[in-house]
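To keep things clear, I will list the structure first and then write my remarks on it.
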């Protein structure tokens, strides 16, 4: 079973090619498959909350949310809702906005990991 640190290394070392968020979802899904990471895509946590991915890691079920645009405060509200679910033990935000690495590292007493994609949009 992969650790959350190993997932971070994969996000950092992966070469991304995408035009929109669906392309990025596909690229991340292919990375999970290639590295034998158990995952689910577009997981419904509640009637209102659908997270891009969940992955099974050493810490339990980790949510993965992808962003290539949008507002920081809207994302904070969204991930706060996701982290309120008992099934989600931590969250990884992966995206292109400049503010991705400036979101808090913890909400609802759960950790938030971040990776900003600096290149790859074509």
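Each reported figure results from applying straightforward, stated rules to the coordinates on display, with no laboratory input. What you see is a predicted model; the values in this text were computed from it and never measured. Don't worry about glycine lacking a Cβ; one is built from the backbone with ideal geometry, like all the others, and counts go over all protein chains shown.
Stretch residue 13-residue 1 to full length: gain in nm at 0.36 nm per residue minus the Cα-Cα span?
Values: separation 12, 0.36 × 12 = 4.32 nm, distance 1.89 nm.
Contour length minus the Cα-Cα distance gives 2.4 nm.
Against the empirical curve 2.2 N^0.38 Å, the C-alpha radius of gyration of the stretch 23-72 lands at a ratio of 1.19.
Computed over the Cα atoms, what is the radius of gyration of the stretch 43-106 divided by 2.2 N^0.38 Å, N being its residue count?
Dividing the Cα radius of gyration by 2.2 N^0.38 Å gives 1.06.
Classify the chain as rounded, prolate or oblate from the Cα gyration tensor: take a ≥ b ≥ c as the square roots of its eigenvalues, call it rounded if a/c is under 1.5, otherwise prolate when a/b beats b/c and oblate if not. Note, shape of the chain comes out rounded. Using the beta-carbon distance between residue 36 and residue 105 and R0 = 30 Å, what value does 1/(1 + (r/R0)^6) give for FRET efficiency, to the nearest 0.05? Working from the Cβ atoms, E equals 0.60. Rounded, prolate or oblate: which one fits the stretch 1-55, using the alpha carbon gyration tensor with axes a ≥ b ≥ c (rounded when a/c is under 1.5, else prolate when a/b beats b/c, else oblate)? Oblate, because a/c is 1.5 or more while a/b does not exceed b/c.
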